[in-house]
1. State which residue pairs qualify: first residue of a type in the set (Gly, Ala, Ser) and inside the range 95-120, second residue assigned to a loop (DSSP other than H, G, I, E, B) and open to solvent by 30 Å² or more (accessible area, probe 1.4 Å) in any location, beta carbons under 7 Å apart, and separation of 6 or more residues or different chains.
2. Of everything in the range 1-18 that's part of a strand (DSSP E or B) and of a type outside the set (S, T, N, Q), which residue is modelled with the lowest pLDDT?
3. Name the one entry in Ala60, Ala40, Ala14 that is within 13 Å of the chain's Cα centre (by Cα) and open to solvent by less than 60 Å² (accessible area, probe 1.4 Å).
4. Pick from Ser70, Ser84: which is under 17 Å from Leu4 (Cβ atoms) and either buried (at least 21 other Cβ atoms within 10 Å of the Cβ) or modelled with pLDDT of 95 or more (or both)?
5. What single numbered condition from (1) closer than 13 Å to Lys32 by Cβ; (2) touching a Cys at 6+ places or on another chain (Cβ under 9 Å) fails to hold for Asn56?
6. Having 2 or more residues that are of a type in the set (D, E, K, R) and touching a residue at least 60 places away in the same chain (Cβ under 8 Å) is the bar; report the strands (runs of 3 or more DSSP E) wholly within the range 19-93 that clear it.
Amino acid sequence: QVQLVESGGGLVQAGGSLRLSCAASGSIFSIKAMGWYRQAPGKQRELVAAITSGGNTNYADSVKGRFTISRDNAKNTVLLQMNSLKPEDTAVYYCNADITIQVLTTRSYWGQGTQVTVSS
């Protein structure tokens, strides 16, 4: 039905940048919101950033000023620009989306995750 595909993860030195992309495809009427979560070994999964279809954004305090979330509604895609990366940003990053597939039917979907590793 609906699939989220993430890309852009990888290995980068501290202070470097990465850009994550998540594209939704399938039976989509509209996307209410999209966001990125991350989970590091031994830590809880946490919200990194989210954006609504109207452009409202929300960021974790730890990434404010360094990460920027944006969207391309026409392509059902959300981007996460990550600058000034720190070793503590190392985690698996998961795309999440609240998608309306038909009238009165909205569901939450998750991508499979993409690894981001920041070396010191």
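The values are calculated or read from the model by the stated rules, or taken from the named source; none is laboratory data. Keep in mind the model is a prediction, meaning the values are calculated, not measured. Reconstructed Cβ throughout: ideal geometry from the backbone, glycine too, with neighbour counts over all protein chains shown. Just the protein is used for accessible areas: all its heavy atoms, side chains included, with ligands, DNA and RNA removed. Shrake-Rupley method; radii C 1.70, N 1.55, O 1.52, S 1.80 Å.
1. Ser119/Ala14; Ser120/Ala14
2. Among residues in the range 1-18 that are part of a strand (DSSP E or B) and of a type outside the set (S, T, N, Q), the one modelled with the lowest pLDDT is Val2.
3. Ala60
4. Of Ser70, Ser84, the one residue that is under 17 Å from Leu4 (Cβ atoms) and either buried (at least 21 other Cβ atoms within 10 Å of the Cβ) or modelled with pLDDT of 95 or more (or both) is Ser70.
5. (2)
6. Per the criteria, 30-39.
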